[in-house]
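> First the structure, then my questions, so here it is.
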Amino acid sequence: MININLLPPELKLKRIEAKRNATLANICLLVVLVFLVIAIIFRSGSSTLSAYLENAKKTVNDSSSITEEDKNIQEQALFVNDRWKANEEIYKKRVFWSEVLKDLTSLVPTNIQFENLNMKEDKTPNFILQGNAPSEKEIINLKDKLEESLFFKNVNFKSSSIVEDKDKPNKTSFTLEFDIEQRKASK
């Protein structure tokens, strides 16, 4: 196929220039459209990422507040556990003085009289008993009964002396020391 162009050269140049301008305008329009589409995509992505970021921040804040609540609850639980352990220690160390005194009075014969009874839970010996008995045999019987008791241990004579009294002859003054053996109530 043969093309013969019969147009004058100025017109040819104008036509080529018009074609070139149209192509350049199309390329510019295409570039603007591409930039516009890219800008819309970035804007949409930016708003999506912004919403996602806000949601993530809210989740982190909620998690940190829950973590603070958990930490407070854990501290309170540790405090309660410490109090419970302290309570158990106190419970283990308690002394039922009424039962101890009841046992002591049930062991003492009627002919022995107390003059002084010192009780101290935190010192050894816990008890210092001073009294009078008709004889040393009665004091030894009392000492043996105290040793057999569930409540007392380490029963020792501290002193014993015969007191001459005009009203009661052969009166023996004594001092016994002993400790608490069992601190819990007998069941």
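Computed from the coordinates by the stated procedures, all read-outs in this text should not be read as laboratory data. Keep in mind it's a predicted model, so treat the numbers as computed, not measured. When we count neighbours, we look across all protein chains shown, and the Cβ atoms used for this are built from the backbone with ideal geometry, even at glycine.
> When the gyration tensor of segment 24-73 is built from Cα positions, what are the square roots of 5 times its three eigenvalues, in whole Å, from largest to smallest?
47, 5, 4
> Follow-up question, since we're still on this one. In what sequence, highest mean first, do 132-141, 152-161, 50-59 appear when ranked by Cβ atoms within 10 angstrom? Display every interim value, and only then the final one.
Numbers: 132-141: 16.1, 152-161: 14.5, 50-59: 10.0.
Top of the packing list down: 132-141, 152-161, 50-59.
> Sticking with this structure for a sec: Roughly what percent of Cα-Cα pairs across the chain reach past 26 Å?
Tail of the P(r) past 26 Å holds 68 percent of the pairs.
> So what's the net charge close to Phe127: Lys and Arg +1, Asp and Glu -1, counting the other residues with Cβ under 12 Å from its Cβ?
Local charge sum for Phe127: -1.
> Something else now. Starting with the highest mean, order 116-127, 85-96 by the number of other Cβ atoms within 10 Å, averaged over the residues of each peptide. Don't jump to the answer; show the numbers that get you there.
Values: 116-127: 13.1, 85-96: 11.0.
The most tightly packed comes first, giving 116-127, 85-96.
> Relative contact order of the chain, please, whole-number percent, based on alpha carbon pairs below 8 angstrom and at least 6 residues apart.
16
> Remind me, relative contact order of segment 97-180 in percent, using alpha carbon pairs under 8 angstrom and six or more residues apart?
Relative CO of segment 97-180 lands at 31 percent.
> Which values, in whole Å and largest first, are the semi-axes of the equivalent ellipsoid of segment 97-180 obtained as the square root of 5 times each eigenvalue of the Cα gyration tensor?
Values: eigenvalues 101, 33, 25 Å².
One finds semi-axes of 22, 13, 11 Å for segment 97-180.
> Which of Lys120/Lys143; Lys92/Lys137; Lys92/Lys158; Lys92/Lys145 have a Cα-Cα distance over 28 Å?
Over 28 Å Cα-Cα: Lys92/Lys137; Lys92/Lys158.
> Also: In Å and on Cα atoms, what radius of gyration and Dmax does segment 56-144 show?
Final numbers for Rg and Dmax: 27.8, 92 Å.
> Determine the calculated [θ] at 222 nm for the chain from helices alone, applying -39500 (n - 2.57) to every DSSP H run no shorter than 4 residues and normalising by the residue count; nearest 500 deg cm²/dmol.
-21500 deg cm²/dmol
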